[in-house]
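The values are calculated or read from the model by the stated rules, or taken from the named source; none is laboratory data. Since we're looking at a predicted model, the values are computed, not measured. Ideal geometry is used to build each Cβ from the backbone, glycine not excepted, and the neighbour counts take in all protein chains shown. Keep in mind that these areas ignore ligands, DNA and RNA; they rest on the heavy atoms of the full protein, side chains included. Shrake-Rupley method; radii C 1.70, N 1.55, O 1.52, S 1.80 Å.
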Amino acid sequence: MSSDLSQFPSGRIILNAHIDAVSIDAANQLAQLILAVKKNVEEAEPDCFTYRLSQFETKLMVFEEYKDQKAIEFHRESEAYKAFRAAAATLTAKPPHIAYYRELE
């Protein structure tokens, strides 16, 4: 696991994000924003192979699989992702914890 995307210059990358919302209402708002990101991924990001959201109370977890580092960088430029990140600043108890993994085949 690494919190540094530059550790993965090539190959498939698994991203796992853990998000702690400040309340159930905040978690539900974040979930809706993340679902908008997921819709954008499905429509406009062919190099994102998997995008899944899970929730338990105020905790959210996103599991993502990308072709490579460039696909993640492209993902981060989407308006839906930027809207989520802007809202996360006030709806989360702390910054999301993002971990990267190399997929083994």
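Our note on the geometry: Cα centres of segment 27-48 and segment 1-26, 15 Å apart. Under 19 Å between alpha carbons, and skipping anything fewer than 8 positions from K70 in its own chain: which aspartates and glutamates qualify? Output for K70: D4, E42, E43, E45, D47, E79, E103.
The stretch between F56 and L35, if pulled fully straight at 0.36 nm per residue, gains 6.0 nm over its current Cα-Cα span. Rolling a 1.4 Å probe across the protein heavy atoms gives the chain an accessible surface of 60 Å² per residue. A simple rule links phi to the HN-Hα coupling: the Karplus curve 6.51 cos²θ - 1.76 cosθ + 1.60 with θ = phi - 60°, which for segment 27-34 gives 4, 5, 5, 4, 4, 5, 5, 5 Hz, with x for Gly and Pro. Relative to the longest principal axis of the Cα atoms of the chain, the long axis of helix 79-91 lies at roughly 50 degrees. Taking the Kirkwood radius as Rh and the Cα radius of gyration as Rg, the chain has a ratio of Rg/Rh equal to 0.96. Note on A99/E43: beta-carbon distance plugged into 1/(1 + (r/R0)^6) with R0 of 41 Å gives a FRET efficiency of 0.95.
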